[in-house]
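Everything below concerns the one structure shown next.
The values are calculated or read from the model by the stated rules, or taken from the named source; none is laboratory data. Note that the structure is predicted; figures quoted are calculated from it, not measured. Cβ sites come from the backbone with ideal geometry, for glycine too, and all protein chains shown count toward neighbours.
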Amino acid sequence: MASKTNTPLALFLALNLLFFAIASGCTTCPTPTPKPKPSSGACPRDALKLGVCANVLGSLLGLVVGNPPVKPCCSLIEGLVDLEAAVCLCTAIKANVLGINLNVPLSLSLLLNVCSKKVPKDFQCA
């Protein structure tokens, strides 16, 4: 009689051990990576702060002698995807925040390149 009551218990414990081994057996399972949020096409930064990019742009266009101080400008767009960075700089250039009259596509490309960003394909600064 004791073997009839122990058989289901033994089966239950054996199945529990099996399922536990299967569930915890993955030691090198890939962790899920969060998907980046799609850009809304708007600048998440204050465009007025991008006035520091005037020094960089001025030196790139030959208006200032020496190495351009890229850190203040590039740190403002750091962490942005290329499209967001382009929109921010485009907004600053169009609003003449930089204080100089510019060729917009050329200026945008120069600023993005010096900050290791790329002008997105088919992007128009309008």
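Just one of the numbered conditions (1) at pLDDT below 75; (2) over 21 Å from Gln124 (Cα atoms) is not true of Ala42: (2).
Could you give me the residue pairs with C-beta distances under 8 Å whose first residue belongs to segment 74-93 and is surrounded by fewer than 23 Cβ atoms within 10 Å (Cβ to Cβ), whose second residue is among the aromatic types (Phe, Trp, Tyr) wherever it lies, and which are 6+ apart or on separate chains? That search, which allows pairs on different chains as well, returns Leu83/Phe123.
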